[in-house]
1. Give me the compactness ratio for the chain, meaning the Cα radius of gyration over 2.2 N^0.38 Å.
2. Kindly work out what percent of the DSSP beta bridges joining two residues of the chain are antiparallel, to the nearest 5.
3. Are any of the pairs K144/K179; K52/K90; K90/K179 more than 28 Å apart by Cα-Cα distance, and if so, which?
4. What are the ³J(HN,Hα) couplings of the stretch 28-42, residue after residue, when phi is run through the Karplus curve with 6.51, -1.76, 1.60 and θ = phi - 60°? Round to Hz, x for glycine and proline.
5. So how far apart, in nm, are the two label points at D169 and D69 if each is 7 Å from Cα heading toward Cβ?
6. Testing the spin-label approximation: label points 7 Å from Cα along Cα→Cβ at Q181 and E122. State their distance in nm.
7. In sequence order, what are the phi-derived ³J(HN,Hα) couplings for the stretch 63-77 according to the Karplus relation 6.51 cos²θ - 1.76 cosθ + 1.60 with θ = phi - 60°, rounded to whole Hz, with x for glycine and proline?
Amino acid sequence: MKIAIISSSVRANRDGARVALFTKNILETKNWETTLLDPMELDFPLLTLMFKQMTNPEEKYKTVHKILDEADGFVLVTAEYNHSVPPALKNLLDYYREEYYWKPSGIISYSSGPFGGVRATEHLRNICAELKCLAIPTSLPISKVHESINEDGTSVSGDYERRAKKFLDEFEWYLEALKNQRDKKKPY
Ligand SMILES: Cc1cc2nc3c(=O)[nH]c(=O)nc-3n(C[C@H](O)[C@H](O)[C@H](O)COP(=O)(O)O)c2cc1C
């Protein structure tokens with residue numbers, strides 16, 4: 001399976017870099033092929049035209065289109081800003097549309113506080129529904145991210161790798177189910 005990881009933060013000294021690495025590490029335990037789409041590296045401006053509306057898109061927009069289009073599913077790594085998703089994640093998601101259709105997404109959230117970004121997750125579920133890449137029921141919230149995840153993308157106590165198992169097994173189930181169905185037919 002090919003999985004596109006989409007991260008959310010472009011903040012100076014962001015914690016998101018270590019969570020993106022943690023995400024890559026846990027997904028690779030399933031031998032999936034992963035690609036990280038990092039809004040900081042991609043540096044997409046605030047949306048004025050969606051990819052499909054561009055007449056002569058720059059290479060970076062075409063590259064992201066191909067990665068999203070070829071992906072079997074998405075793992076969204078979201079921080080929580082004022083109880084919602086960081087604007088860079090929403091901006092990146094908004095550039096594309098059909099690329100997401102009929103594929104599952106999984107949400108890994110984090111925050112510096114005790115709730116691990118669960119309120120951002122709930123907003124992101126609605127966004128995923130509109131993009132037809134429904135978020136799987138189990139999410140993976142990471143509390144006190146600066147104390148929980150090391151810079152090399154491992155968790156301090158090993159707890160989060162253990163908690164990830166249910167998330168990964170469920171995501172795998174949805175990946176297979178939706179791939180089988182996409183191979184048969186798409187709704188439209
Ligand atoms: C604009 C802004 C809003 C925030 N709002 C919340 C919030 O609603 N809930 C929360 O738990 N943490 C909040 N935080 C703290 C973030 O969880 C924490 O800074 C986290 O490290 C952000 O991820 P990042 O470093 O990858 O950008 C906020 C941080 C910023 C910068």
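Quick note: the coordinates plus some simple rules give every number you see, no bench work behind them. This one's a predicted model, so the numbers in the text were calculated from it and none came from an experiment. A quick note on method: Cβ atoms are made from the backbone with ideal geometry, for glycine too, and the neighbour counts reach across all protein chains shown.
1. 0.98
2. Antiparallel: roughly 10 percent of the beta bridges in the chain.
3. The answer is K144/K179.
4. 6, 5, 9, 6, 8, 8, 10, 10, 8, 9, 10, x, 5, 5, 6
5. Placing both labels 7 Å beyond Cα along the Cβ direction yields 3.7 nm.
6. Calculated label separation equals 2.6 nm.
7. These are the phi-based 3J(HN,Hα) values: 4, 5, 4, 5, 5, 5, 5, 7, 5, 8, x, 10, 10, 9, 10 Hz.
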